[in-house]
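Peer 1: Please see the structure below; I have some questions.
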């Protein structure tokens, strides 16, 4: 066991080591204080930029929401031309998107512009806008993909159409869009003569959405595909 004197000596040595470490830390801080202050300043500036961008985006989104209101009213009345390009006093969906594409409302305007173009028979323009939508809404996101499929069908590009129908069916497996686009994919494959893929879609529809409207005649459709594959 160490004597009292030995303990005091060791205690003094530990104290000296601590003091030495603190002195080195203070010296390092003193030598690098410009760097430290620079890093702190950079962090504060970055935080300010992030806050400023968020505030600006919130303001832009609020402005976009005001601008899109009249276009949505025209859309509800099936006045798709006015909804798309505006009426001279208020913006249409295309202008709202061009002005506010970085906002949530601007992205929503892309969806509406796509659907409006599709209703007017402008299928290629519709596809362009619907691809710009890039939303994750449980209903609108698959509806946008499905609408792209509809446009490709109108353009007689069934390979692209069925691809987008399947993307739409898998995007959000809810009880509305899931069976709707699985059924469209199955029917498109059937038109293409690809009965094996049509059968897969019909079987998926029956298994995943047995209570949906689209599943009403699915057993008969499955039997028809199996008969054609014999």
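Coordinate-derived values only; no laboratory data. Model, not experiment: these values are computed from the prediction. Cβ placement follows ideal geometry from the backbone for every residue including glycine, while neighbour counts extend to all protein chains displayed.
Peer 1: Just rank 82, 227, fewest to most, by other beta-carbon atoms within 10 angstrom.
Peer 2: Working: 82 18, 227 9.
By the 10 Å Cβ count, ascending, the order reads 227, 82.
Peer 1: Once R0 is set to 22 Å, what does the formula 1/(1 + (r/R0)^6) return for the Cβ-Cβ distance between residue 220 and residue 191, expressed as a FRET efficiency to the nearest 0.05?
Peer 2: E(calc), rounded to 0.05, equals 0.80.
Peer 1: To the nearest 0.05, how large is the calculated FRET efficiency for residue 227 and residue 173 if R₀ is 45 Å and r is the Cβ-Cβ distance?
Peer 2: On the way: r = 29 Å, r/R0 = 0.64.
In this case the efficiency is close to 0.95.
Peer 1: Going by C-beta contacts inside 10 Å, put 66, 230, 107, 184 in order with the fewest on the left.
Peer 2: By the 10 Å Cβ count, ascending, the order reads 230, 66, 107, 184.
Peer 1: Run the numbers for residue 154 and residue 119: contour at 0.36 nm per residue of separation, minus the present Cα-Cα distance, in nm.
Peer 2: Working: separation 35, 0.36 × 35 = 12.60 nm, distance 1.14 nm.
Result: 11.5 nm gained on full extension.
Peer 1: Subtract the Cα-Cα distance of residue 137 and residue 200 from 0.36 nm times their separation in residues, and report this length gain in nm to one decimal. Walk me through the numbers before you get to the answer.
Peer 2: Numbers: separation 63, 0.36 × 63 = 22.68 nm, distance 2.66 nm.
Here the segment from residue 137 to residue 200 would lengthen by 20.0 nm.
Peer 1: While we're looking at this one, here's another question. Can you sort 176, 93 so the residue with the fewest Cβ neighbours within 10 Å comes first? All intermediate terms of the calculation are to be shown ahead of the outcome.
Peer 2: Working: 176 15, 93 30.
Least crowded to most crowded, the residues run 176, 93.
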